[in-house]
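The values are calculated or read from the model by the stated rules, or taken from the named source; none is laboratory data. Not measured: the values here are computed from a predicted model. FYI the Cβ positions are ideal-geometry reconstructions off the backbone, even for glycines, and counts take in every protein chain you see. Heavy atoms of the whole protein, side chains included, go into the accessibility calculation; ligands, DNA and RNA do not. Shrake-Rupley method; radii C 1.70, N 1.55, O 1.52, S 1.80 Å.
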Amino acid sequence: MASELILVLRDFSAIGNAPPRDAALPRLSALETLLGRAARAPLPQGWRDYLRTRFAAAAQLQSAPAVVVATDLDVTPVGIGTHYWLATPVHCFAGLDSVQLHPAGLLELPLQTQSALAAEFSIVFADTPWRLHATGKRELLLSGATLAASAADPAMSIGADLRDGLPRGPDAATLRRLGVEIEMWLHEHRINQQRQAHGELPVSGLWLWGSTTQAAPDPGARRHVAPPSARLFGEDAYMESLWRLRGSPVAPLPDGFERIAGPAEGASVVLYPTLGPTLRAEGPLQAFEQLEQRWLAPALQALRARRLSSLSLLAGSFAYRLTRWYLARFWRPPSPWWEALA
């Protein structure tokens, strides 16, 4: 069976999300087997760009992520003179010598909260071309005048100095200025007061990204007639839109591997959050323990039984791909998983 499982640690960063090394951490044998014996390849542009390159239909392969989302949701007509950005609610904090994105700083707002923010945004910024649109996913959508500027994928800046992820491009100063105005608007906003009263991180700003493709498409993409068959499980505004526009199934994150195991061929792409309310996990450690028990251990069994042709893990800046043949690399002793992911 030509089936593969691709597990994506959606929010993971080796800098920001790895459990503390001085903690008494349990060994996770399935994860350590995968990390120790798999072929490792860098993800210079992050996991979203990897999936875009592999699975996007030709029409979306050359479109910016924000345009893909706007097209799928039919927010406003996509045309000349209108530009789009994904707007991720974030929580940042001041470090010793820089501003950093909090390890749990990619925030998810309910649809009702997003709609309220979008409505108020249209009043506060009424004399500007900018408008905010609710999506019901973590990323909202910003539309406005055409600007040659965009920030990087925020998942690549978790726990890191924000200067590397700030908007770049000829019009970066204008987009950064808009970001500062949004920060001032959100400062002491009633929504943040409510979040803090419930022990939640306040929204310090909106991370404006995804208005350009992160990497140039493969020259062969124009000849690409049909992307590989694939099912998507989990939540991500860009990935869900990409899948729907290519006519492939999208489903919520299931409890574990056995929920998706079956006779279907092609790839199963699972967006696994290491933080946030989706898993009901207390923190990264419990999220990794659930990943081990519910996904990796049964997936390894399926790989050994030839019910899977390959098992991949996209974590931070690297992709790990394990096949049945790679399982024979007994000369590679497993390292503690928290060291292998560092």
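For a protection proxy built on the mean count of beta-carbon atoms within 10 angstrom, sort 26-37, 147-158 highest first, please.
On the way: 26-37: 19.2, 147-158: 22.3.
Packing order, densest peptide first, comes out as 147-158, 26-37.
If you wrap the Cα atoms of the range 47-176 in a convex hull and average its projected area over all directions, you get 8.9 nm². Close amide H contacts of L28 (hydrogens built in the peptide plane, cut-off under 5 Å, sequence separation of 5 or more or a different chain): W337.
First compute the accessible area of the chain with a 1.4 Å probe, then give the percent of it belonging to carbon and sulfur atoms.
Values: 8580 of 15870 Å².
That fraction is 54 percent.
Taking A197, A134, A39 in turn, the Gaussian network model of the chain (Cα-Cα springs below 10 Å) assigns the largest fluctuation to A197. You can think of it this way: the chain between V180 and A197 has 3.7 nm of extra reach, that is 0.36 nm per residue less the Cα-Cα gap.
Give the accessible surface of the chain per residue, rounded to a whole number of Å², with probe radius 1.4 Å and ligands, DNA and RNA excluded. Can you show the working numbers first?
Values: 15870 Å² over 342 residues.
Each residue of the chain exposes 46 Å² on average to a 1.4 Å probe.
Within the listed set R231, R190, R52, the Gaussian network model of the chain (springs between alpha-carbon atoms below 10 Å) gives the highest mean-square fluctuation for R190.
Viscosity 1.002 mPa s, temperature 20 °C: Stokes-Einstein D of the chain from its Kirkwood Cα radius, in µm² per second? Before the final figure, lay out each step's value.
Numbers: Rh = 21.0 Å.
After rounding, the answer is 102 µm²/s.
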